[in-house]
Every structure is written in C-alpha cells, then in structure tokens.
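Everything on this sheet refers to the single structure shown next.
The values are calculated or read from the model by the stated rules, or taken from the named source; none is laboratory data. Predicted model only: the values in this text are computed from it and were never measured. Methodologically, a virtual Cβ is constructed for each residue, glycine included, from the backbone with ideal geometry; neighbour enumeration extends over all protein chains shown.
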Amino acid sequence: MNMLQQLTTQTPIWVWLLLAFLVTRGIAAMKPGETSLQKLAIVPVLFAVWGAWSISHRFGASLTAWGEWLVGIGTGAALGWLLLGHVKLTLDGATGKLWRNADFSLLPLLLITFLVKYGFEVAFAVSPSLTANAGFSAAYLLLAGGFTGLFIGKYCRYLASLRLDAAGKGLEVAG
C-alpha cells in the first residue's frame, strides 16, 4: 500500500467531514450575504478547540507548549485583523441580521490551515518522538496557533466593524 492510500485509509472519518465543512464555509464566504456573530465565530472556535485538544493530547500541561501556541495566536490575530482592513459588517436593525461583504481570503486560509495542521498531525502519528523535538514542536505550535489566531483576528475585526456600524446608527450592540 502506498503512502497516499495509507493516509487516506488511516485518517479518521471526522477529519474528512471537517475538511468538507471547511470547504463549504470557505465557498459560502465568497459571496456577500446575511450572517450572525455565532456563524462568524464557528471557524475561530473550531480551530481553538482543535488546537487546545491537540496540545493537551500531545504536550499535557507543558507551559512551554501552551506559551508557544499562545504566541502564535497573538501573532496570527494581529495578521488576521490586518487582513480584513476594509471589512464592512452592517447590522439590519429591523431584522437583527448582519450583512457582510464577500471574503475571498477564507477558503485559501482554511485549506492551508487544514493541510499544515494535517501534515503535522500525520508526522506526529508516524513518529511520536517528534513531540520531544523542540524545533519541530515549536514550529507546530507557532503555526497552529498562528492560523488559529488569523481566524480570531478576523472575527475581532468583524466585531469592531459591527460596533462602528452600530455606533454610527445610534444602536446598542450586545457583547
């Protein structure tokens, strides 16, 4: 059995379902449309939970591991904030729905994030001793945190845009 076949058959089904979900979210984001803060939060929460689970599973309570991941999140959040520099999220006061512009960056970011995370997870599964390799672990933690941070930063930019829109209309925004 070649390596590609092994990867395909050894990967749990939930990983392929996650990939399909991420692709559908990325494609949907390419069109402007109505949304909610809860829907916008799905991707950042998903990657934060997946990251926290992975770190707990591989590194336990290692302060170094958690610290590297958080540094990655902070850096990624700043980049995510900058990435959506001209975003406009508008609150429709009558319906309570949010209107967002098309986001062409989401699908490529989701695919790259998934591939990088998947690649590291495969490497750890094939060679568990890589967890003890400080350089490899730091690369994994900083990249995983960085990608998670990108989505958190984008979400924070959406929140800021919504607050500006609501302030301009004299509306109160919960949260």
Worksheet item: Leu143: modelled with pLDDT under 95, of a type in the set (A, V, I, L, M) and at negative phi, yes or no?
Response: no
Scanning the stretch 126-144 for residues that are farther than 19 Å from Pro108 by Cβ and either aromatic (Phe, Trp, Tyr) or in contact (Cβ under 8 Å) with a residue 24 or more places away in the chain (or both) gives Thr131, Phe136, Ser137, Ala138, Tyr140, Leu141, Leu142
The number of residues in the stretch 11-27 that are farther than 24 Å from Phe104 by Cα and at pLDDT 95 or above is 0
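Restricting the search to the stretch 42-99, which residues are of a type outside the set (A, V, I, L, M, F, W, C) and over 19 Å from Ala138 (Cβ atoms)?
Pro44, Gly80, Gly85, His86, Lys88, Thr90, Asp92, Gly93, Thr95, Gly96, Lys97
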Q) Is the stretch 161-170 home to any residue that is in contact with a strand residue (DSSP E or B) (Cβ under 7 Å, 6 or more places away or on another chain), surrounded by fewer than 16 Cβ atoms within 10 Å (Cβ to Cβ), at pLDDT below 85 and not in a helix (DSSP H, G or I)? A) no
Restricted to the stretch 78-131 and to residues being basic (Lys, Arg) and buried (at least 18 other Cβ atoms within 10 Å of the Cβ), the residue farthest from Gly145 (Cα to Cα) is Arg100
Of (1) in a helix (DSSP H, G or I); (2) more than 14 Å from Gly153 (Cβ to Cβ); (3) touching a residue at least 24 places away in the same chain (Cβ under 8 Å); (4) over 14 Å from the mean Cα position of the chain (by Cα), Trp50 fails just (4)
When Met30 is run through (1) within 28 Å of Ala139 (Cα to Cα); (2) modelled with pLDDT of 90 or more, the failure sits at (1)
Ile73 passes all but one of the listed conditions (1) at pLDDT below 95; (2) crowded, with 18+ Cβ neighbours inside 10 Å; (3) part of a helix (DSSP H, G or I); (4) not basic (Lys, Arg); the exception is number (1)
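Just give me the residues in the stretch 1-40 being among the small types (Gly, Ala, Ser), in contact with a helix residue (DSSP H, G or I) (Cβ under 6 Å, 6 or more places away or on another chain) and assigned to a helix (DSSP H, G or I), in sequence order. It would help to see each step written out before you state the result.
Taking the stretch 1-40 and keeping what is among the small types (Gly, Ala, Ser), we get 20, 26, 28-29, 33, 36.
Now drop any that are not in contact with a helix residue (DSSP H, G or I) (Cβ under 6 Å, 6 or more places away or on another chain), which leaves 26, 29.
The one that is among the small types (Gly, Ala, Ser), in contact with a helix residue (DSSP H, G or I) (Cβ under 6 Å, 6 or more places away or on another chain) and assigned to a helix (DSSP H, G or I): Gly26.
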Taking the stretch 82-130 and keeping only residues that are in a loop (DSSP other than H, G, I, E, B) and closer than 30 Å to Ala65 by Cβ, one is left with Leu84, Ser105, Ser127
